[in-house]
Amino acid sequence: MAMLEKTTDVRALRHWEGDMEADYIYTTGIAGDKFFKEIKENAKITGTKCKKCEIVYVPPRMYCERCFENLEQWVDVSDKGIVHTYTICNMDLDGSKMDKPVIMAVIKLDGMHGGIIHKLGEVNPENVKIGMRVQAIFKNKKERVGSILDIKYFKPVK
């Protein structure tokens, strides 16, 4: 039955009272698993490259969003890029004022399509600029767990 149709059969209507559990498990999939494994084990950012369009996707994907080609070529991506856009967070998730602001940015790594949302570090909020060059700073190997947070932050570079 389409959303705009009127029902003539009350048995087609459904109503659920109370709470309904919505448990699920999120998996990173084949591309995400390899992406996070490279970050964890080698402090390296990888992407997938379309042999037809020449686009490099980070985070990696299994197919090209432009031509739907299977992406089987994995490439190392630079850990340097530019700040595409940013925001300065002064309140935490509970709405409480933070002691120190956190700067979140969309980072466009050199030679890739898309961007990574991550923290900026070693920079004061008043010094952040769109187009500013930055580089990924990774946690020590023994601290890495296979997460995007294995990149501590991106810091400005000349």
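The values are calculated or read from the model by the stated rules, or taken from the named source; none is laboratory data. Only a predicted model underlies this, so the values are computations on that prediction, with no experimental measurement involved. Cβ coordinates were reconstructed from backbone atoms using ideal geometry, including for glycine residues, and neighbour counts include every protein chain displayed.
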* Among what's in segment 117-158 and is polar (S, T, N, Q) and either within 14 Å of the chain's Cα centre (by Cα) or in a strand (DSSP E or B) (or both), pick the residue that is surrounded by the fewest Cβ atoms within 10 Å (Cβ to Cβ). => SER147
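Just to verify a result, which residue in segment 88-105, among those that are of a type in the set (A, V, I, L, M) and free of Cβ contacts under 8 Å to residues at least 24 places away in the same chain, is surrounded by the fewest Cβ atoms within 10 Å (Cβ to Cβ)? Lay out the reasoning, then the answer.
Step one: of segment 88-105, the residues of a type in the set (A, V, I, L, M) are 88, 91, 93, 98, 102-105.
Checking the rest, the ones that are also free of Cβ contacts under 8 Å to residues at least 24 places away in the same chain come to 91, 93, 98, 102, 104.
Working: MET91: 11, LEU93: 6, MET98: 10, VAL102: 16, MET104: 13.
Only one residue fits best here, namely LEU93.
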* If a residue has to be without any contact (Cβ under 8 Å) to a residue 12 or more places away in the chain and closer than 24 Å to THR27 by Cβ to count, how many in segment 134-151 make the cut? -> 2
* Would you mind telling me which numbered condition in (1) surrounded by 12 or more Cβ atoms within 10 Å (Cβ to Cβ); (2) touching a residue at least 12 places away in the same chain (Cβ under 8 Å) GLU72 fails? => (1)
* Structure fact -> Checked segment 39-60 for anything buried (at least 20 other Cβ atoms within 10 Å of the Cβ) and among the charged types (D, E, K, R); matches are LYS49
* Boolean, LEU109 is buried (at least 17 other Cβ atoms within 10 Å of the Cβ), over 21 Å from TYR57 (Cβ atoms), among the aliphatic types (A, V, I, L, M) and modelled with pLDDT of 95 or more -> no
* Determine, yes or no, whether VAL123 is in contact (Cβ under 8 Å) with a residue 24 or more places away in the chain and of a type outside the set (Lys, Arg). => yes
